[in-house]
Amino acid sequence: MKILVTGGAGFIGSNFIKYYLDAHPEDEVVNLDVLTYAGNLENLKDVEENPQYTFVKGSITDRDLVFDLVKDVDAIVHIAAESHVDRSIMDSGPFVETNVIGTQVLLDAALAHGKKRFHHVSTDEVFGSLGPDDKPFDETTPYAPRNPYSASKAASDHLVRSYFHTHGLPITISNCSNNYGPYQFPEKMIPLFIAKLRAGEKVPVYGDGQQIRDWIHVGDHVRGIDACLQKGELGETYLFGDDNEVRNLDLTKKLIELVGASEDMIEFVKDRPGHDRRYATDSRKAHEQLGWKPEFTFETGLRNTIDWYLANEEWVDRCRSGAYKDYYKKQYGL
């Protein structure tokens, strides 16, 4: 099989590509990435010489390019997205352009070239915010996005599902809880806090720090994406989480403990507008229908993640300074 992976130079995309090439060495992967600030080809150094792997620089909103690529693949794994909530609050335009229009272009291409298999990677944030006693999100939870990022992802989910019902496009959708692990761009909470603590800087905790998130290691998530592609029932949605609800403040204190810093490094800052209070996911459908279960405990995964970032300080520094862009300029002439 030959698959097109969108956003393959990002955090989840690069982890997926490396996992997929290892798990399916006979298959081919085409990585389409426009290389925004979060796209880092250094993440894929260890596969760039693999003859089964091809990188193409370009946007998912470029209809001519997308249609040309899709005609030669068997399936699409759509991971590309603008995903940072704070950035969406400042300017929602790129989120609508990439997450909604880009998804439409991909769907149109898949439909035009013989109804190609399409898996769409989304987020649990489309379901909104849970109260302290509410049951976790599942595949039947009504959509209730509360920020521009999650609203754009909700729109893309609806669009994907509509192409199944209207056109018979063979799709699956997965909604995942908060990811952590190697190669996450250091603007997100865990790598940002590790980098700041390493540099002796204070870490910013929004509001009272009592927001609750369910965390899943990216290695478990990419196995779930592959399980959807190989075993998912067409037209169905699957949730991936780790039943790992942690308060932001407790996670901050755990990171401080594992890095060997002091809780004096915590700095409470003004809360984010529309900050969702709690996310939690029920992954039983994925367990039962896909045979998928997390392999990482949160304790083990978090320790491994911290060890990776501390062992790859140069990678972090290049991300924070922008020097990582020099690699693909030199390597690919971009």
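The values are calculated or read from the model by the stated rules, or taken from the named source; none is laboratory data. None of the values given here were measured: they were computed from a predicted structure. As a convention, Cβ positions derive from the backbone with ideal geometry for all residues, glycine included, and neighbour counts pool all protein chains shown.
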Which residue is nearest to C228 (Cα to Cα), if the candidates are limited to segment 289-334 and must be in contact (Cβ under 8 Å) with a residue 40 or more places away in the chain, assigned to a helix (DSSP H, G or I) and of a type in the set (S, T, Y)? T305
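Do the conditions hold for L107, that is, is it assigned to a helix (DSSP H, G or I), touching a residue at least 60 places away in the same chain (Cβ under 8 Å), in contact with a helix residue (DSSP H, G or I) (Cβ under 6 Å, 6 or more places away or on another chain) and over 23 Å from R272 (Cα atoms)?
Answer is yes for this residue.
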Could you list, in sequence order, the residues of segment 59-88 that are farther than 20 Å from I225 by Cβ, buried (at least 16 other Cβ atoms within 10 Å of the Cβ) and in contact with a His (Cβ under 8 Å, 6 or more places away or on another chain)? F67
Of V96, V73, V30, V77, which residue is at pLDDT 95 or above, under 19 Å from the mean Cα position of the chain (by Cα) and farther than 18 Å from K153 by Cα? V30
Looking at G333, G301, G291, can you tell me which residue is at pLDDT below 90 and among the small types (G, A, S)? G333
Could you check how many residues of segment 13-54 are among the hydrophobic types (A, V, I, L, M, F, W, C), crowded, with 22+ Cβ neighbours inside 10 Å, closer than 18 Å to K2 by Cα and touching a residue at least 40 places away in the same chain (Cβ under 8 Å)? 2
Within segment 230-253, how many residues are within 30 Å of K115 (Cα to Cα) and either crowded, with 21+ Cβ neighbours inside 10 Å or at pLDDT below 95 (or both)? 6
For segment 161-176, enumerate the residues that are of a type in the set (V, I, T) and either in a strand (DSSP E or B) or buried (at least 24 other Cβ atoms within 10 Å of the Cβ) (or both). I171, T172, I173
